[in-house]
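The values are calculated or read from the model by the stated rules, or taken from the named source; none is laboratory data. Model, not experiment: these values are computed from the prediction. Using ideal geometry, Cβ is built from the backbone for each residue, glycine included, and neighbour counts are taken over all protein chains shown.
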Amino acid sequence: MHVHRFEKLWIGLSLLLIAAFIGIVLFGFTVMNLKVPGVETGETVDPATVLSEGPFAKPGVRKISDDHYEVYMLAQQFIFRPGSTRPLTLPADTKITFHMTSPDVMHGFEVPGSGLNSTVIPGQVATFTTRFPEAKSYGIICHQYCGSAHHNMQGEIKVVPPSEFDESNLISQ
Amino acid sequence: MPTDESDASTDGAAAGDDSGKARDISLDEFQPYGTLAVTGAYFILLLVLYALLYFVEFATHAPHIIE
């Protein structure tokens, strides 16, 4: 079959484009070391008892070390606990690990304008670690339709300088 | 736009007389450089915008997931 040289060029460029898309994503996950939210291996929770048993019965911030805190957060109709009724306060430039689950329906967790984005699924624990670079206020929204008041489901993360972080509100281990 | 005169001359032309008739060329003689330029510009735009979206809007927007 005879193919015109311009057509050969266009076929070649189309294949190159696909290779470039895949290459850019692979570059992100290897060289730039980007991560996506994970599910704790083998760890599931019972949505019926998650509010009364285990770490999610007392959602909040726990201290792992001086440079590492973890947040157990519930996304439920139609609030983030902690985060919605009063802001979730976290220290800046410190490792923060989020563990999130839902006792009712599927929710979303997104900090708009950032790379923090996860789906929160009943029965599963979504986990990721981040570091807030500066002390300022970040919003949280639910990006997964979860019911009649989904549009009101929002929260706030108040990031303060590490020296001003009040540890009296931590949940004891 | 063809005029009435050229239509008339084409209609009246004998087979083999090329005056006023579009020229037959082989596939390899057809060189659409204009189309190549437009497609090439679109191709480069697509690559640049994809990289911009990925690196500026997604990959470097702190805070992001580190573990």
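Of A:VAL45, A:VAL31, A:VAL39, which residue is more than 9 Å from chain B (Cβ to nearest Cβ), modelled with pLDDT under 90 and in contact with a Phe, Trp or Tyr (Cβ under 7 Å, 6 or more places away or on another chain)? A:VAL45 is the lone residue from the list that is more than 9 Å from chain B (Cβ to nearest Cβ), modelled with pLDDT under 90 and in contact with a Phe, Trp or Tyr (Cβ under 7 Å, 6 or more places away or on another chain). When the residues of segment A:14-28 are filtered to those that are among the β-branched types (Val, Ile, Thr) and within 8 Å of chain B (Cβ to nearest Cβ), the one that is farthest from A:GLY115 (Cα to Cα) is A:ILE24.
Checked against (1) outside any loop (DSSP other than H, G, I, E, B); (2) more than 13 Å from chain B (Cβ to nearest Cβ), A:ILE11 passes all but a single condition, namely (2). Please indicate, with yes or no, whether at least one residue in segment A:55-69 is surrounded by 14 or more Cβ atoms within 10 Å (Cβ to Cβ) and assigned to a loop (DSSP other than H, G, I, E, B). Scanning segment A:55-69 turns up at least one residue that is surrounded by 14 or more Cβ atoms within 10 Å (Cβ to Cβ) and assigned to a loop (DSSP other than H, G, I, E, B). Candidates in segment A:118-143 are the residues that are touching a His at 6+ places or on another chain (Cβ under 8 Å) and in a strand (DSSP E or B); of these, the one that is surrounded by the most Cβ atoms within 10 Å (Cβ to Cβ) is A:VAL120. Note on segment A:82-97: residues that are within 13 Å of A:TYR72 (Cα to Cα), without any contact (Cβ under 8 Å) to a residue 40 or more places away in the chain and either surrounded by fewer than 20 Cβ atoms within 10 Å (Cβ to Cβ) or small (Gly, Ala, Ser) (or both) amount to 1.
Of all the criteria given as (1) under 30 Å from B:LEU53 (Cβ atoms); (2) within 14 Å of chain B (Cβ to nearest Cβ); (3) aliphatic (A, V, I, L, M); (4) out of contact with any Leu (no Cβ under 7 Å at 6 or more places or on another chain), the one not satisfied by A:MET1 is (1).
Checked against (1) surrounded by 20 or more Cβ atoms within 10 Å (Cβ to Cβ); (2) within 14 Å of chain B (Cβ to nearest Cβ); (3) assigned to a strand (DSSP E or B), A:GLY115 meets all criteria but (3).
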